[in-house]
Amino acid sequence: MNKSSRKVMSFTGGIHPVSEGKKLTDTHAVHTAPLLERYTVLVQQNAGKAPDVVVKPGDKVLKYQLLAKASGFVSADLHSPTSGEIAGIVEVPGPMGVPALALDIRSDGEDRACEIFAPIPEWRSAEPQVLLQRVADAGLVGMGGASFPTRVKLSIPPGKKVDTLILNGAECEPYLSADHRLMLESPCRVLEGAAIIGHLLGIQNIYVGIEINKHDAIAELERFSEDYGIRIVPLQVQYPQGSEKQLINAIVNRAVPPGGLPADVGCVVQNVGTAAAVSDAVTLGIPLVERIVTVTGKVLKDPGNWKLRIGTPVIKAIEFCGGITAEPSKLILGGPMMGFAQNSYEVPVSKNTSGILLFSRRRALNYSSGSCIRCGRCVQGCPMGLCTCLLATAIEGGRYDLAEQNHVMDCLECGSCAYVCPAHRPLVQTLRLAKAEIRRQRAAAKANGGK
Amino acid sequence: MGINDRVQEKSSVRLPDAKNLVLSSSPHLSSSADVRKIMLLVIFCMLPACGAGVWFFGLPALKVLLLSLFFCVGLEALWCFCAGKPVWGTIGDCSAAVTGILLALNLPPGVPFYVPLVGAALAIWLGKQIYGGLGNNPFNPVLVGRVGLLIALPALMTTWSPARGMAENYPEYQAFGMADPALAAGATSAPMELTTCATPLGVASTLPAPEAGKNRFEKIDNPSMWKEYFIGRQGGCIGETCAPALLLGGILLVIFNLINWRVPLYFAGTVFVLSGIVHFFFPQVTPTPLFHLLTGGLLLGAIFMATDMVTSPITGTGCLIFAVGCGIITTVIRIWGNYPEGVSFSILFMNALVPLIDRWFVKRPFGYTRRRREAK
């Protein structure tokens, strides 16, 4: 295959956000953070149910030791990031804006690890069930942002057949470069993880989709990809290229039906970070207790990519970067398009924290919004093909029924519409409001119908 | 680096204060585009047409352009002041300036000052502000102004002056009712704006019944005249005569992603095809489709008026229906209507249908394929 003349794949719609942000960190190699004296490890770091805590204050724990056990199918185990003592179960500022429970771990400075799993170097001859159990035991969740338990994603519902595994290395969010550095610095971990998931699911077709602004990562993965029988697919630099539905559409040209899952079109999508974590869990036998985080923003003295343990307070990450040069006005966990603004620097890093962003006053400025001039840019930009501005106008007029009819529930909340709007209307925010209201109405109707 | 090194460094590290943090819902970035930039780009795209208007019709056209611009911005400011809206914020979005320039492009050159004044009042107040300002108007404000003037001051709005170059080629333009420069003694010294002429469409609608075996439109509808019309040597509104300038503006608008290319293409295309069909079967009823394309306000209307963001549909399909509708109504009015020109009326009529079009022709969202494509 002629690599240089390959077609660069993409999807319909989407936007092209400013590219400046990635330059802050994408050439910075990943640093490993020094050991801290204290970690506040959030109990719930997965979508679904919070796991049950199995330690109590005063307990001595070792690194990798189980702290909380999955409490159901959609839940994930939690392990200790270091050795030390559980000082208590405390409330800390949570990443979703509400206080959350966390285990306060005082490090003993020795960082002694326990061996909780045996490595499975010969995973090619291992039973899929054994590998799936390992994925569950290692507490793996989707590391792209949704933090959905990986075990659930890899348990294909009966009746569905999957034939394609897609690794998401698009990293379409501006400013983030954690996945980029991971692919560049540990290509074999990513590819091996992909091969393990492929073996687990009995899938031969494995793709890694990467936006072409990461050409060095593409080249690096291509050096080894043939050994693993994996295809690297260059993707157009276009947001939201890394959204599951759009990625599947770009790479294998299948459309996930509304309300459906990738498995409905025979696909499984995993983040490259998750694949690397799968590789670590299987070949090295270590659970997920640290991840690469892009700590960035122009106000930081020395932005970069850091390997941070879960439970690291954000303020410590900022300290690792040499502190600030100007006072930031916004702290965002995740990317600038879909990440969450925070009101405290004490919020800890969790399994799905891909970025810590600090925006200056200028960037964080609250803009005033005007009325819609119907330019149609939001419609062009919507990756789901929604007429966003019309939906927003309907919602503002209280016509939730009209919005529902016109598929507001299919909104991904990627924020493309609000990004491009020249009148700076809060489009995606309005759609979110309607989605919540419609969900509430549906739940109420269901409750009434049940009587 | 060990803990101790870091701890020592810590004292010199400046850390942020959470009190300064603001919260908001994502996305936390926005593009640098805003309404003002869009409007300024539109003005930039209209400059070729303005330049052509001033070149072909001289200083009177420039006077109308500046007056219209001044009145539109001034009346918008006055409205905002009286209504208690932010004055600078509203005229700062430059939409009134766009309206002003477009209104001038839709006026005959050499109209007295009160024509742009009344037009601006109609466009800005009745066409836009009474509905709540930019973005809320159902009808194109410029066309509200123009059609209002057409009804209120029909004589002034249909008095045209000849374009530069027409007097020199007088024999070709005999049918246009101009004073013969050779007959009028000292015609060279006579100011241009005092002479008048008719528009090609006006001539076409008043031509006498044909003699047997002769083409009724022969004198005004032939290849050498098409060339003259294309360049802009024809009577008409300030901005509607010069096709190259309008086409250049249209291409710029498409390049800057300010208009949906479907609208001008399907609008002009529909007029071309429909008038072509009528001409083919009844050559004495209407001139050739090329004549229709190059004369009157079709290009100006299709490129600058029908494409107004606020009053045209959002989706591609909607734009297609809108544009074809405009084309049909324009053709019908031009061929069978009382007015020689129908572009303004057709766009206003279709403007009224835009909310319906928007509701009926929504895009099919992602994943709602009729037939799911299976991968190889």
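Can you pull out every residue in the stretch B:227-240 that is over 15 Å from B:PRO340 (Cβ atoms) and not aromatic (Phe, Trp, Tyr)?
Correct list: B:LYS227, B:GLU228, B:ILE231, B:GLY232, B:ARG233, B:ILE238, B:GLY239.
With the stretch A:260-367 as the region, which helices (runs of 4 or more DSSP H) entirely inside it contain at least 3 residues that are in the same structural domain as A:ALA170 (by TED's automatic domain parsing)?
Result: A:272-279.
Between A:SER147, A:SER107, which is in contact with a strand residue (DSSP E or B) (Cβ under 6 Å, 6 or more places away or on another chain), closer than 30 Å to A:VAL256 by Cβ and crowded, with 16+ Cβ neighbours inside 10 Å?
Just one listed residue meets the conditions, A:SER147.
Would the stretch A:376-383 turn up any residue that is within 7 Å of chain B (Cβ to nearest Cβ), under 18 Å from B:PRO355 (Cβ atoms), touching a Ser or Thr at 6+ places or on another chain (Cβ under 9 Å) and of a type in the set (A, V, I, L, M)?
Scanning the stretch A:376-383 turns up at least one residue that is within 7 Å of chain B (Cβ to nearest Cβ), under 18 Å from B:PRO355 (Cβ atoms), touching a Ser or Thr at 6+ places or on another chain (Cβ under 9 Å) and of a type in the set (A, V, I, L, M).
Could you tell me whether any residue of the stretch A:52-75 is closer than 27 Å to A:ILE318 by Cβ, in a loop (DSSP other than H, G, I, E, B), away from every other protein chain (no Cβ under 14 Å) and of a type in the set (Gly, Ala, Ser)?
no
How many residues are part of a helix (DSSP H, G or I) and not hydroxyl-bearing (Ser, Thr, Tyr) when one looks only at the stretch A:167-225?
36
Taking the criterion of being surrounded by fewer than 19 Cβ atoms within 10 Å (Cβ to Cβ) and closer than 27 Å to A:VAL278 by Cα, would at least one residue in the stretch A:77-94 satisfy it?
No, there is no match, as no residue in the stretch A:77-94 is surrounded by fewer than 19 Cβ atoms within 10 Å (Cβ to Cβ) and closer than 27 Å to A:VAL278 by Cα.
To keep it simple, each residue is scored yes or no on (1) within 14 Å of chain A (Cβ to nearest Cβ); (2) under 26 Å from B:THR158 (Cβ atoms); (3) at pLDDT 85 or above.
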site	(1), (2), (3)
B:THR331	no, yes, yes
B:GLY337	no, yes, yes
B:SER344	no, yes, yes
B:PRO355	yes, no, yes
B:PRO365	yes, no, yes
B:ARG370	yes, no, no
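Across the stretch B:129-170, which residue is nearest to the chain's Cα centre (by Cα) among those that are assigned to a helix (DSSP H, G or I) and within 14 Å of another protein chain (Cβ to nearest Cβ)?
Taking the candidates together, the pick is B:PRO141.
Does the stretch A:321-333 hold any residues that are facing chain B (nearest Cβ under 8 Å) and either crowded, with 24+ Cβ neighbours inside 10 Å or not polar (S, T, N, Q) (or both), and which are they?
Answer for the stretch A:321-333, where residues must be facing chain B (nearest Cβ under 8 Å) and either crowded, with 24+ Cβ neighbours inside 10 Å or not polar (S, T, N, Q) (or both): A:GLY322, A:GLY323, A:ILE324, A:GLU327, A:PRO328, A:LYS330, A:LEU331, A:ILE332.
From the list A:ALA326, A:ALA275, which residue is under 30 Å from B:GLY367 (Cβ atoms) and either modelled with pLDDT of 95 or more or of a type in the set (A, V, I, L, M) (or both)?
After ruling out the rest, the residue left standing is A:ALA275.
The rows are residues; the columns are (1) surrounded by fewer than 21 Cβ atoms within 10 Å (Cβ to Cβ); (2) closer than 24 Å to A:ALA418 by Cα.
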residue: A:GLN241; (1), (2): no, yes
residue: A:LEU247; (1), (2): no, yes
residue: A:ILE251; (1), (2): no, no
residue: A:PRO258; (1), (2): yes, yes
residue: A:VAL265; (1), (2): no, no
residue: A:GLN270; (1), (2): no, no
residue: A:ALA275; (1), (2): no, no
residue: A:LEU284; (1), (2): yes, no
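Inspect all residues belonging to the stretch B:150-168 and state whether any of them is within 20 Å of B:LEU62 (Cβ to Cβ) and hydroxyl-bearing (Ser, Thr, Tyr).
Yes, there is a match, as at least one residue in the stretch B:150-168 is within 20 Å of B:LEU62 (Cβ to Cβ) and hydroxyl-bearing (Ser, Thr, Tyr).
Restricting the search to the stretch A:123-170, which residues are of a type in the set (Lys, Arg) and either within 12 Å of the chain's Cα centre (by Cα) or more than 10 Å from A:GLN270 (Cβ to Cβ) (or both)?
Selection gives A:ARG124, A:ARG134, A:ARG151, A:LYS160, A:LYS161.
Has the stretch B:88-105 got any residue that is within 14 Å of chain A (Cβ to nearest Cβ), in a loop (DSSP other than H, G, I, E, B) and surrounded by fewer than 24 Cβ atoms within 10 Å (Cβ to Cβ)?
Within the stretch B:88-105, one or more residues are within 14 Å of chain A (Cβ to nearest Cβ), in a loop (DSSP other than H, G, I, E, B) and surrounded by fewer than 24 Cβ atoms within 10 Å (Cβ to Cβ).
For the stretch A:76-111, what are the residues that are part of a loop (DSSP other than H, G, I, E, B) and either in contact with a Cys (Cβ under 7 Å, 6 or more places away or on another chain) or over 16 Å from A:VAL53 (Cα atoms) (or both)?
Once the filter is applied, which keeps residues that are part of a loop (DSSP other than H, G, I, E, B) and either in contact with a Cys (Cβ under 7 Å, 6 or more places away or on another chain) or over 16 Å from A:VAL53 (Cα atoms) (or both), the stretch A:76-111 yields A:THR82, A:SER83, A:GLY94, A:PRO95, A:MET96, A:GLY97, A:VAL98, A:ASP108, A:GLY109, A:GLU110, A:ASP111.
Show me the helices (runs of 4 or more DSSP H) found entirely inside the stretch A:384-451 where at least 1 residues are touching a residue at least 60 places away in the same chain (Cβ under 8 Å) and aliphatic (A, V, I, L, M).
Where helices (runs of 4 or more DSSP H) fall fully within the stretch A:384-451 and carry at least 1 residues being touching a residue at least 60 places away in the same chain (Cβ under 8 Å) and aliphatic (A, V, I, L, M), they are A:416-420.
Can you work out which of the residues in the stretch B:57-79 that are modelled with pLDDT under 95 and not aliphatic (A, V, I, L, M) is nearest to B:ALA243 (Cα to Cα)?
Filtering first and then ranking leaves B:PHE57.
Determine if the stretch A:286-298 includes at least one residue that is over 25 Å from A:HIS79 (Cα atoms), at pLDDT below 95 and surrounded by fewer than 24 Cβ atoms within 10 Å (Cβ to Cβ).
yes
Being crowded, with 18+ Cβ neighbours inside 10 Å, modelled with pLDDT under 90 and at the interface with another protein chain (Cβ under 8 Å from one of its Cβ atoms) is true for just one of A:ALA364, A:ALA418. Which residue is that?
Of the residues listed, the single one that is crowded, with 18+ Cβ neighbours inside 10 Å, modelled with pLDDT under 90 and at the interface with another protein chain (Cβ under 8 Å from one of its Cβ atoms) is A:ALA364.
So, in the stretch B:333-371, how many residues would count as being outside any helix (DSSP H, G or I) and not hydrophobic (A, V, I, L, M, F, W, C)?
Summing the residues that are outside any helix (DSSP H, G or I) and not hydrophobic (A, V, I, L, M, F, W, C) in the stretch B:333-371 gives 14.
Does any residue in the stretch A:241-266 that is at the interface with chain B (Cβ under 7 Å from one of its Cβ atoms) come within less than 6 Å, Cβ to Cβ, of a residue that is assigned to a loop (DSSP other than H, G, I, E, B) and of a type in the set (Gly, Ala, Ser) six or more places away or on a different chain, and which pairs are these?
Correct list of pairs: A:VAL252/B:ALA375; A:ARG254/B:ALA375; A:ALA255/B:GLY367; A:VAL256/B:GLY367; A:PRO257/B:GLY367; A:PRO258/B:GLY367.
The values are calculated or read from the model by the stated rules, or taken from the named source; none is laboratory data. Note that the structure is predicted; figures quoted are calculated from it, not measured. When we count neighbours, we look across all protein chains shown, and the Cβ atoms used for this are built from the backbone with ideal geometry, even at glycine.
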